[in-house]
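To start, the structure under review is shown below, and the notes come after it.
The values are calculated or read from the model by the stated rules, or taken from the named source; none is laboratory data. Remember, predicted model here, so these are calculated numbers, not experimental data. Every residue, glycine among them, receives a Cβ derived from its backbone with ideal geometry; neighbour counts consider all protein chains shown. Keep in mind that these areas ignore ligands, DNA and RNA; they rest on the heavy atoms of the full protein, side chains included. Shrake-Rupley method; radii C 1.70, N 1.55, O 1.52, S 1.80 Å.
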Amino acid sequence: MDYTAKLDEAIQRLHDEGRYRTFIDIERKRGQFPHATWTRPDGTEQPVTVWCGNDYLGMGQNPVVLAAMKEAVDATGAGSGGTRNISGTTVYHKRLEAELADLHGKEGALVFSSAYIANDATLSTLPTLFPGLIIYSDELNHASMIEGIRRNGGSKRIFRHNDLDHLRELLAADDPEAPKLIAFESVYSMDGDFGPIKELCDLAEEFNALTYLDEVHAVGMYGPRGGGVAERDGLMGRIDIINGTLGKAFGVFGGYIAASAKMCDAVRSYAPGFIFTTSIPPAVAAGAAASIAFLKGEGGVTLREQHQTQAKILKTRLKGLGLPITDNGSHIVPLIVGDPKHTKLMSDMMLEHYGIYVQPVNFPTVPRGTERLRFTPSPVHGPNEMDHLIKALDALWSHCALNRAEMAG
């Protein structure tokens, strides 16, 4: 076996399909987001505007967050010192979990090194806690949920995206006495559409199933205090386990679940992905707690309103150009190109000629034929940045001779 040749073949396949992922060297400047500096392959630098980041509200630059992190570094140093069981639990971790539990109206919360790990570890552990558990998963759930469900060794059922009738059929076909869990998201990040949370909770109640909601792309940005779509819709009390991230709207790093005290205790005690992982640094926990507290208040209300306004403006202007965006009412703005090579070309040209950074999104993240540029406008993208983006897209869409339409989706 020529292992090097096999690696070359695997990587070349991605190049041939236009799906090879390129990392762009971006240096964020404190206080200047969404502006950053791109270091070209030849070592020269160029200013760019980031239009695809998940720091949705600019909290990664918020002075309150930075001050809390600096204070914690000065007080404790850099690392946490170990797993949560071995010297890795600090007052900062406890304070963060208390903030999260309060945010979601739950008895407890459990912080992981990422939302991916939180999903994977929790969903793969639940069949140990509930022998014979059947998990019903939306077909468009995030890869971390899919991986956790796949690894748990239990029974699973995949229902068509947001298809309540299909889910009902699957639930009704199984043993009424079997433990069940329905796993879904509030905002699906690639199309920006919402899950029918109330109706899913109704089905869970009817069939005596637990509910597991991924709010990764919604925490901080929806609801009176930033608790997510479930808070906005008054449904948090009907969700058994909520998963969220500290690395998007909260602008820091890490992930978590919020649930009953007993559920958190059981996951804490059984999940290898929690037990054997070094805990997040105290400074990160301090910054996340400060961000959550800030977004619960009036400052968060203002940022959320500005954020929604910016998303509406961008979608309106793109529709005005006849560009095929998918508008499902959320803050996520997907622009459908429909071909991996054209999508990569558009991304490269925007960076090279216009100083606009937006990464292409290709298969397997999205289905073939729906390749896209995914824009995430924020409160810190001003009118000048918006005008520059619109002019660039208009020019490049014509240059690449791509089709225009009223709207897709």
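Spot the failing condition for Met145; the list is (1) within 18 Å of the chain's Cα centre (by Cα); (2) open to solvent by 90 Å² or more (accessible area, probe 1.4 Å), and only one is missed. Among (1) within 18 Å of the chain's Cα centre (by Cα); (2) open to solvent by 90 Å² or more (accessible area, probe 1.4 Å), the lone unmet condition for Met145 is (2). The selection criterion, being open to solvent by 70 Å² or more (accessible area, probe 1.4 Å) and modelled with pLDDT of 95 or more, holds for Glu169. Here is the figure for the range 109-127: residues that are outside any loop (DSSP other than H, G, I, E, B) and more than 22 Å from Glu205 (Cα to Cα) total 13. Of the helices (runs of 4 or more DSSP H) lying entirely inside the range 296-409, those containing at least 2 residues that are touching a strand residue (DSSP E or B) at 6+ places or on another chain (Cβ under 9 Å) and open to solvent by 40 Å² or more (accessible area, probe 1.4 Å) are 340-354. Exactly one residue out of Asp165, Asp120, Asp102 is charged (D, E, K, R), more than 20 Å from the chain's Cα centre (by Cα) and within 21 Å of Ala285 (Cβ to Cβ): that is Asp102.
For Asp163, are the conditions met, namely being in contact with a Phe, Trp or Tyr (Cβ under 6 Å, 6 or more places away or on another chain), under 19 Å from Asp202 (Cα atoms) and not hydroxyl-bearing (Ser, Thr, Tyr)? For Asp163, the condition - in contact with a Phe, Trp or Tyr (Cβ under 6 Å, 6 or more places away or on another chain), under 19 Å from Asp202 (Cα atoms) and not hydroxyl-bearing (Ser, Thr, Tyr) - is not met.
Of all residues assigned to the range 189-210, none qualifies as being of a type in the set (Val, Ile, Thr) and within 12 Å of the chain's Cα centre (by Cα). For the range 128-167, name all the residues that are acidic (Asp, Glu) and in a helix (DSSP H, G or I). Correct list: Glu147, Asp165. Annotation note: Cβ proximity below 7 Å between a residue of the range 51-68 that is within 13 Å of His381 (Cβ to Cβ) and open to solvent by less than 30 Å² (accessible area, probe 1.4 Å) and a residue that is assigned to a helix (DSSP H, G or I) and at pLDDT 95 or above (sequence gap 6+ or interchain) occurs for Trp51/Leu389; Tyr56/His307; Leu57/Leu303; Leu57/His307. Evaluation of Gly223 against the conditions (1) small (Gly, Ala, Ser); (2) in contact (Cβ under 8 Å) with a residue 40 or more places away in the chain; (3) closer than 22 Å to Asn328 by Cβ shows that the sole unmet condition is (2).
Restricting attention to the range 12-50, and to residues there that are more than 27 Å from Asn384 (Cα to Cα) and in contact with a helix residue (DSSP H, G or I) (Cβ under 7 Å, 6 or more places away or on another chain), which single residue is most open to solvent (accessible area, probe 1.4 Å)? My answer is Tyr20.
For the range 153-166, check the following and say yes or no: at least one residue is β-branched (Val, Ile, Thr), in contact with a strand residue (DSSP E or B) (Cβ under 9 Å, 6 or more places away or on another chain) and open to solvent by less than 30 Å² (accessible area, probe 1.4 Å). No, the conditions are met nowhere in the range 153-166. Scanning the range 156-212 for residues that are under 21 Å from Ser260 (Cβ atoms), of a type in the set (S, T, N, Q) and touching a residue at least 40 places away in the same chain (Cβ under 8 Å) yields a total of 1.
Of all the residues in the range 172-191, those that are open to solvent by less than 40 Å² (accessible area, probe 1.4 Å) and either outside any strand (DSSP E or B) or of a type in the set (Val, Ile, Thr) (or both) number 6.
Quick one: is Glu385 more than 23 Å from Gly18 (Cβ to Cβ) and not hydrophobic (A, V, I, L, M, F, W, C)? Spelling it out, Glu385 is indeed more than 23 Å from Gly18 (Cβ to Cβ) and not hydrophobic (A, V, I, L, M, F, W, C).
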